[in-house]
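Following: one structure in structure tokens, then a few remarks.
Read-outs throughout are calculated quantities, based only on the coordinates presented, and are distinct from any laboratory measurement. Computed from a predicted model, the values in this text were never measured in an experiment. Cβ sites come from the backbone with ideal geometry, for glycine too, and all protein chains shown count toward neighbours.
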Amino acid sequence: MIQSMTGYGKAVIQLSTKKISIEIKSLNSKNLDLNVRMPSIYREKEMAIRKQLAKVLLRGKIDFGLFVEITGEDSFSKINQVIVKDYISQLAEIVDGNKTELLKMAISMPDALKKEREEIDQEEYEIILKTINEALDAIVTYRNDEGKALEKDILTRSENISKLLSEILALDPERIILVKERLHKALSDLKEEVDSNRFEQELIYYLEKYDITEEKVRLENHLQYFEDALNSSDSNGKKLGFICQEIGREINTIGSKSNHAPMQQLVVQMKDELEKIKEQILNVL
């Protein structure tokens, strides 16, 4: 079953003093392009989180966000007593006022508060990892659902190519007859006597150049291989893309050999279906 690279996952956990939200968005990309946003306190864990994301998401343009909302008392600011006392002493020399008023003035002065470095609580970090896994589960579910829709469309178009190939093969005997008739007519218009045996040999050689039996067999094999890859347990968009290139080569060769307008019209339709498949595969993991 294939998986889309487009997805969205979110998980939220409420702790005693903060609410932590994890959001993961993904779009298609040739490789893994991971953008991580998080508060500076968690930066030391960024590499571990990146590895966790890369292990699950594998490929795509990924935007990861870890957002923290303080919902309770969680202050790491402390009064810088030495500086505040000095401010009060200086203010007392300038203005008259009681200690409470002077303290209010001093506390608003620069460096009156100092912020202690916040450390990551290991228990909190374990909870965050669990929340990230929940968000990853959500985005994988989203990707799988998108993959089902992609698979349905791609399979339909692959089947359309097979049907068009059957129509081409049905036209092939008529095409050969018309080619022979054109050659005979061209020869009669020349009003020249030719050796009939030599002409038949040249005709056989000419028709062999326009024979599409090998292309038909290879195209059928490629289409079957494509369907098998589509239904495999692994989602491999790059592999499907390579098979599409081989399918395209056979379709192009049939088109160049056809020399028959109705058949060429069918080839154009096959190319159109293949292009739509290629567009969809760009979004397959």
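How big is the antiparallel share of DSSP beta bridges in segment 29-114, given as a percent to the nearest 5?
On the way: 2 of 8 bridges.
Rounded to the nearest five, the antiparallel share is 25 percent.
A 19 angstrom limit on the alpha carbon distance is what I want to check against. Which of LYS19/LYS61; LYS239/LYS278; LYS216/LYS238; LYS10/LYS278; LYS10/LYS238 exceed it? Could the numbers behind the result be given before it?
Numbers: LYS19/LYS61 26 Å; LYS239/LYS278 12 Å; LYS216/LYS238 24 Å; LYS10/LYS278 30 Å; LYS10/LYS238 28 Å.
From LYS19/LYS61; LYS239/LYS278; LYS216/LYS238; LYS10/LYS278; LYS10/LYS238, over 19 Å: LYS19/LYS61; LYS216/LYS238; LYS10/LYS278; LYS10/LYS238.
When the chain is modelled as a GNM with alpha-carbon springs shorter than 10 Å, which of ASP211, ASP272, ASP96 fluctuates the most?
Answer for the Gaussian network model of the chain: ASP96.
Can you bin segment 2-85 into rounded, prolate or oblate? Criterion: square roots of the alpha carbon gyration tensor eigenvalues sorted a ≥ b ≥ c, rounded for a/c under 1.5, prolate for a/b above b/c, oblate for the rest.
Details: a/c = 3.93, a/b = 2.41, b/c = 1.63.
Judged from the Cα gyration tensor, segment 2-85 comes out prolate (a/c at least 1.5, a/b above b/c).
Counting other C-beta atoms within 10 Å, and keeping those with at most 14, which DSSP coil GluC sites (Glu not before Pro) do you find in segment 50-110?
Working: sites: GLU69, GLU73, GLU93, GLU101; in loops: GLU73.
Hits after loop and neighbour filter: GLU73.
Do the sum for the chain: with -39,500 (n - 2.57) for every DSSP H run of n ≥ 4, divided by all residues, what is the mean residue ellipticity at 222 nm, to the nearest 500 deg cm²/dmol?
Working: 8 runs with 179 residues, N = 285.
Rounded to the nearest 500, the figure is -22000 deg cm²/dmol.
Rg and Dmax in Å for the chain, alpha carbons only: what are they?
Rg and Dmax of the chain, Cα atoms, are 35.8, 130 Å.
Would you mind ranking VAL284, VAL217 so that the residue whose beta carbon has the fewest other beta carbons within 10 Å leads the list?
Working: VAL284 25, VAL217 11.
Ranked by crowding around the Cβ, least crowded first: VAL217, VAL284.
Taking the Cβ of each residue in THR17, THR100, THR253 as the centre, tally the other Cβ atoms inside 10 Å and list the residues starting with the fewest.
Details: THR17 12, THR100 8, THR253 16.
Least crowded to most crowded, the residues run THR100, THR17, THR253.
Count the DSSP beta bridges whose two residues both fall in the chain, then state the antiparallel fraction as a percent rounded to the nearest 5.
Values: 22 of 28 bridges.
Roughly 80 percent of the DSSP beta bridges within the chain come out antiparallel.
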